[in-house]
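The values are calculated or read from the model by the stated rules, or taken from the named source; none is laboratory data. For clarity, every value in this text was computed on a predicted model and none was experimentally measured. Note: ideal-geometry Cβ built from the backbone for every residue, glycine included; neighbour counts use all protein chains shown.
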Amino acid sequence: MRFSWAKLMPFLFLACATVGLPGQERPGWKLVWSDEFNADRLDTGKWSVLLREQSKHHELQYYLPDEVYVQNGCLHLRSRARDYGGMHYTSGRLSTDGKFAPVYGRFEIRARLPYGKGLWPAFWLYPQNRDWTMEQLMAKAVQEGHESSIPEERPWYSEIDVMEYLGHETNVVYGTLHYSTFAGERKSSSGTWKGSVDLSKDFHVYALEWEPDEIRWYLDDNLIHSTRNGIPHKPHYIILNTAVGGDWPGNPDATTTFPQLFDIDYVRVYQRDHYFGR
């Protein structure tokens, strides 16, 4: 593992400078929640910071609160080669779990991504009230052919990945909806953007528009993917994190430098009035 101050310098001295529509306006949408990160510390009324070892996909990081901080108008999620709790890397993860979980809307961040083998930053939405016990019972009922015993109001699985990125593919970004069918079968709908731009060099806008009948993914307002299948209709909260290692990105190697930063200029959520008959 190599530490490179030269590569880190742009992250230390380039403050977040928001460029966007005046007054955060977006035609057809109303801003209902945002964090511009202009204070000198994280707003804990909006965010909860994770303290936990997390290795669902064989990641190598331990999430610690000191890897999540606000500075120069930016939220920073820092990843370091650092021993803690039996893991050899630490990183940052925060969410609006229990604080803000809307149904439908436009979810948007302006961010600059980390780079290097084994880095896996993400911006995603997760169900606020997921009933794990009921899901297991439903899966068993489906396997045994007893679908009629499953309640009509089903807590179906869903996960909406607004943006996922692998640090060794600096010109590629992924957007995915994971969901389960009426019969309990797990499925997904995914789109990939691949271009000539290195997404670790500058800030870009990653957005998702979740409508009652369609979900659309965007990079800098360019459509990446859309789907009408498996649309969830339950509250989902926001998660921002950087995993280190894991089944998908692979583990850091000799080319990976630390520390790395996932820099977020802002998080904004918009909604349409007609969703709720207003």
Of everything in the stretch 64-89 that's of a type in the set (Ser, Thr, Tyr) and crowded, with 23+ Cβ neighbours inside 10 Å, which residue is nearest to the chain's Cα centre (by Cα)? Ser79
If I ask for residues that are modelled with pLDDT of 95 or more and either outside any loop (DSSP other than H, G, I, E, B) or more than 22 Å from Leu42 (Cβ to Cβ) (or both), which ones from the stretch 259-278 would you list? Gln260, Leu261, Phe262, Asp263, Ile264, Asp265, Tyr266, Val267, Arg268, Val269, Tyr270, Gln271
Val197 - would you say it is over 16 Å from the mean Cα position of the chain (by Cα) and within 27 Å of Leu75 (Cα to Cα)? yes
Log entry, pairs with first residue in the stretch 205-229 being at positive phi, second being modelled with pLDDT of 95 or more, beta carbons closer than 8 Å, six or more apart or on different chains, reads Asp220/His204; Asp220/Val205; Asp221/Val205; Asp221/Ala207
Among residues of the stretch 90-127 being assigned to a strand (DSSP E or B), of a type in the set (Gly, Ala, Ser) and more than 11 Å from the chain's Cα centre (by Cα), the residue nearest to Leu51 (Cα to Cα) is Ser91
If you scan the stretch 25-52, which residues turn out to be surrounded by 15 or more Cβ atoms within 10 Å (Cβ to Cβ) and at pLDDT below 90? Arg26
